[in-house]
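The values are calculated or read from the model by the stated rules, or taken from the named source; none is laboratory data. It should be emphasised that the depicted structure is a prediction, and the values quoted were computed from it without experimental measurement. Every residue, glycine among them, receives a Cβ derived from its backbone with ideal geometry; neighbour counts consider all protein chains shown.
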Amino acid sequence: MKRIVIIMILMLTVASASMAQSKGRSKFQTDMYQAKHEMIIQELGLTMTQQKQFMPLYEQMEREIYQVNRNARALAAEVEKKKNPSDRDYEAAASAMSRTRVQEGEIEAKYFEKFSKILSKKQLFQLKQAEVKFTREMLSKKRKK
């Protein structure tokens with residue numbers, strides 16, 4: 001009986017720890033997206049009207065790009081888990097991973113058209129610069145840690 005109680009306690013501890021970890025990751029991602037969005041708003045000098053129109057579209061674009069990358073990573077993870085993956089498995093995973101950049105570009109091009117109805121030409125230009133700046137700053141912070 002004592003043994004069962006100890007096992008139950010261990011299982012609850014492990015479950016709560018893994019839930020806390022997943023919440024921590026999603027909070028981290030949320031914080032990163034929030035920081036990125038704030039930087040974009042600031043760097044582009046968006047008005048409140050532009051923010052209300054642009055940010056939902058930008059978030060939608062980010063979700064689509066995230067999904068493309070997630071699908072490719074999932075396929076690669078499946079191949080890595082297999083004991084004896086076939087050449088066809090490797091080819092499918094490699095092809096999916098290499099297509100992600102093309103798909104990202106297609107998604108960005110689709111949203112560029114939508115963004116151009118909200119942002120000025122200068123702001124469209126500054127958008128890419130702000131994204132690159134954010135990435136560089138995050139990498140710099142990571143290296144310092």
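Worth pointing out:
- Checking residue 128 against (1) under 18 Å from residue 58 (Cα atoms); (2) among the basic types (Lys, Arg); (3) at pLDDT below 90, the condition it does not meet: (3)
Matching residues to (1) under 17 Å from the mean Cα position of the chain (by Cα); (2) under 27 Å from residue 37 (Cβ atoms); (3) loosely packed, with under 11 Cβ neighbours inside 10 Å:
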{"residue": "70", "(1), (2), (3)": "yes, yes, no"}
{"residue": "81", "(1), (2), (3)": "no, no, yes"}
{"residue": "93", "(1), (2), (3)": "no, no, no"}
{"residue": "109", "(1), (2), (3)": "no, yes, yes"}
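- Residue within segment 100-109 that is polar (S, T, N, Q) and free of Cβ contacts under 8 Å to residues at least 24 places away in the same chain present: no
- Taking each residue of segment 71-84 that is of a type in the set (D, E, K, R) and looking for partners that are assigned to a helix (DSSP H, G or I) with beta-carbon atoms closer than 7 Å, six or more apart or interchain, yields 82/89.
- Residue under evaluation residue 108, criteria (1) modelled with pLDDT under 90; (2) assigned to a helix (DSSP H, G or I); (3) among the charged types (D, E, K, R), criterion not met: (1)
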